[in-house]
Amino acid sequence: MARPEKIRLGDLLVQQNVITDEQLKLALAEQKKSGRKLGRVLVEAGYATEDGIARALARQLGAEFVDLKTFQPRPELVKLLSEAQARRFRALVLEERDGLLRVGMSDPSDLAAFDEIARIVRRDIDLAVVAEGQLLPLLDRVYRRTEEISNLAKDLTQEMGDIPVEFGAVLGLTPGAEDAPVVRLLQTVFEEAQKTRASDIHVEPQEKSLTIRFRIDGVLHVQTEADAKIAPALVLRLKLMSGLDISEKRLPQDGRFNLKLRGASVDVRISTMPTQHGESVVLRLLAQNTGLLQLDRLAMPPHVLARFRHAIARPSGIVLVTGPTGSGKTTTLYAAMNEINSPEKKIITVEDPVEYRLPGLNQVQVHEKIGLSFARVLRSALRQDPDIILVGEMRDQETAEIGMRAAMTGHLVLSTLHTNDALSTPIRLLDMDVPRHMVALSIQLVLAQRLVRVICPNCSAPHPLEPHEREWLRYELGDGVDRHPYAKGAGCAHCANTGYQGRQAVYEFLEMTNALVEAANHGDPSEFVRLGRQQMSGNTLRRDAVRQVTAGRTTVDEAMRIATPLDE
């Protein structure tokens, strides 16, 4: 395609009936005041959409409009423009076709950018038009910093040479340490983890290499592999940052530190563990400026949300949130605390560690090494005249009994427990030798939850059921299996080819009715289980997961993954 001609965007959009003359006049007046681009003013005013503007430009130029939601970029072509160049020109190299290099631009009227791109790639260009709102998020994903991280790791390997690892301690203490390769490597790793929405960073020394992996949407992905000899220097630096004992390499250690990443404050929890080939480190990332959590944003089914709100509004009793590690229990509890927090109520939390900070709460960090255990803090908390107590986890009989006594003496207690489902939670407490009458009388509601990955909206496609998937769905849907459409992500640049983007929870709950209280007070758990199953019929974790499948939000594979044996 020839070099594009200069375009008057406003006149073009009026000619193609995308906007009216009156809207153009108003937008031009606003542009004169604000200095922003006309296209941005039109979109923000609601007069046009980014897609509509891009398609109009494509029609005028005789170019193709490329929908980046479904486009799969090729890394070797993308790299013909650096990330800085791609962002400056608002452009992306899309493909090679008929001897031409096809380049997508969100502003094809920028002739200077067109000429500069042609100079950089040294090829004839076939211009395509893309929407800026689709382009910018895609640039974040395609310009992953994997190569940069690998190069920094190589720099660190070369700098270390044969120097003893202990010498690396000066990295955190000497002037100019911010320029040291180990510091630049860690900074780049943290920034990339934030950009990819990673919840955890795993630094794992192997016999001949060091592996760095990110956990994204609950699944680990290898970020880079480097020379094994840089592992001690990385671990040492992380220990310095978190105030851990750098001389202790034989015992596990836990700590935390705070980072500023791209203007955001991030709390980092660190756990070290000695392994055969060195210390393994896991870093949990907790963003502190994501805004207060809201219950109605957790995608609870309406009937679950109503009963949960009713339970946390009561003046006394225990509300338990259960599930395995990483199932979102803490998020749910903090959303509940945010809803019931008010100046009229004194709220004390006992946690290990304090994961989120909420104003108005008295939050206490457990410290077992100095004797500050859950039970000890809980006893002290009860002497502080609280209305509501949050116990991070009921780990043992003593903590559970103190919490239940508090619930029976006029306090609302919120806590978590590691159980597979709601129905097994009271039985688990009985197995911990908590007195039967305390379990029966103190528990108000048990909410069990799991996290399922959400199908990527950019590559979602119809999915014909496999025989085993159809058979599994028959447990919940019976003969209605074929009445629903099913979907699966094909994999694209937006989801790193996983087919999933983000996660959401599925729920079930058990309320302690009079019949269940009476059954729990007797020695035979079978009657309690029978009544519990009867109450939860049609409202299990499995049923909620199947609802997400039939709604096209997740896959059958994900639903099958979180189903518990008790549901079968």
Solvent-accessible area of ARG474 with every protein chain in place, 1.4 Å probe, in Å² to the nearest 10: 90 Å²
For MET273, what accessible area in Å² do you get when you roll a 1.4 Å probe over the heavy atoms of the protein chains, rounding to the nearest 10? 100 Å²
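Decide, for the stretch 1-103, between rounded, prolate and oblate: order the square roots of the alpha carbon gyration tensor eigenvalues as a ≥ b ≥ c, take rounded if a/c falls under 1.5, and otherwise choose prolate if a/b is larger than b/c, else oblate. Kindly include the intermediate steps, with their values, before the conclusion.
Details: a/c = 2.37, a/b = 1.85, b/c = 1.28.
Prolate, because a/c is 1.5 or more and a/b exceeds b/c.
With the Cα gyration tensor of the stretch 438-520 giving a ≥ b ≥ c as the square roots of its eigenvalues, does the rule (a/c under 1.5 for rounded; else a/b larger than b/c for prolate; else oblate) give rounded, prolate or oblate? Mind showing how you got there, number by number?
Details: a/c = 4.60, a/b = 1.90, b/c = 2.43.
Verdict is oblate for the stretch 438-520.
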Here the convex hull volume per residue of the stretch 410-564, taken over Cα atoms and given in Å³, is 134 Å³
Ranking request for peptides 499-512, 426-439: highest mean number of other beta-carbon atoms within 10 Å first, then the rest in descending order. 499-512, 426-439
May I ask you to rank LYS69, LYS369 by accessible area, largest first, using a 1.4 Å probe over the protein chains only? LYS369, LYS69
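Report the charge-dipole magnitude of the chain in Debye, nearest 20, computed about the Cα centre from +1 at each Lys and Arg Cβ and -1 at each Asp and Glu Cβ. Could you put the intermediate results ahead of the total?
On the way: 72 positive and 76 negative charges, 207 e Å.
Roughly 1000 debye for the chain.
Suppose accessible area is computed on protein heavy atoms with a 1.4 Å probe; arrange THR20, THR540, THR425 from highest to lowest. Don't jump to the answer; show the numbers that get you there.
Details: THR20 70, THR540 30, THR425 0 Å².
Reading off the accessible areas and sorting them downward yields THR20, THR540, THR425.
Using the crude model of +1 on Lys and Arg Cβ and -1 on Asp and Glu Cβ, and no other charge, please compute the dipole size for the stretch 276-391 relative to its Cα centre, in debye to 20. Before the final figure, lay out the partial values.
Details: 13 positive and 10 negative charges, 45 e Å.
Result for the stretch 276-391 is approximately 220 debye, rounded to the nearest 20.
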Do you know the relative contact order of the stretch 1-137, to the nearest whole percent, from alpha carbon pairs under 8 angstrom that are 6+ apart? 28 percent
Which of the pairs LYS208/LYS249; LYS346/LYS369; LYS69/LYS488 have their Cα atoms more than 23 Å apart in this structure? LYS346/LYS369
Pick out, from LEU441, VAL121, LEU26, the residue whose Cα sits farthest towards the positive end of the charge dipole of the chain, with +1 on the Cβ of Lys and Arg and -1 on the Cβ of Asp and Glu. LEU26
Distance in nm between pseudo-label sites at ARG36 and LYS345 (7 Å out along the Cβ direction from Cα): 3.9 nm
For the chain, the charge dipole (Cβ of Lys, Arg +1; Cβ of Asp, Glu -1; about the Cα centre) points to a positive end, and the Cα of GLY243, GLN384, THR332 closest to that extreme belongs to GLN384
Give the cross-link partners of LYS345 among the lysines, using a straight C-alpha distance below 29 Å as the criterion and excluding same-chain residues fewer than 8 apart. LYS329
Reachable lysines from LYS33, Cα under 26 Å, same-chain residues fewer than 8 places away excluded? LYS6, LYS25
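Would you work out what percent of the accessible area of the chain, with all protein chains in place, is carbon or sulfur (probe 1.4 Å)?
Numbers: 13300 of 26940 Å².
With neighbouring chains kept in place, the figure for the chain is 49 percent.
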When we measure straight from the Cα of LYS239, which aspartates and glutamates land under 17 angstrom away, once same-chain ones fewer than 8 places off are left out? GLU166, GLU178, ASP200, GLU204, GLU248, ASP254, ASP267, GLU279
Which value, in debye to the nearest 20, describes the size of the charge dipole of the stretch 366-441 about its Cα centre when Lys and Arg Cβ atoms bear +1, Asp and Glu Cβ atoms bear -1, and nothing else is charged? 180 debye
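With the Cα gyration tensor of the stretch 378-443 giving a ≥ b ≥ c as the square roots of its eigenvalues, does the rule (a/c under 1.5 for rounded; else a/b larger than b/c for prolate; else oblate) give rounded, prolate or oblate?
On the way: a/c = 1.91, a/b = 1.67, b/c = 1.14.
The shape class here is prolate.
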With a 1.4 Å probe and every protein chain left in place, work out the accessible area per residue of the chain in Å², rounded to a whole number. 47 Å²
Unit charges at the beta carbon, dipole of the stretch 1-131: most positive-side option, LEU81, VAL103, ALA54: LEU81
Jot down the radius of gyration and Dmax of the chain, Cα atoms only, both in angstrom. 28.3, 85
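The values are calculated or read from the model by the stated rules, or taken from the named source; none is laboratory data. Computed from a prediction, not measured in an experiment: that's the story for all the values here. Positions of Cβ are generated from backbone atoms using ideal geometry, with glycine treated the same way; all protein chains shown enter the neighbour counts. Heavy atoms of the whole protein, side chains included, go into the accessibility calculation; ligands, DNA and RNA do not. Shrake-Rupley method; radii C 1.70, N 1.55, O 1.52, S 1.80 Å.
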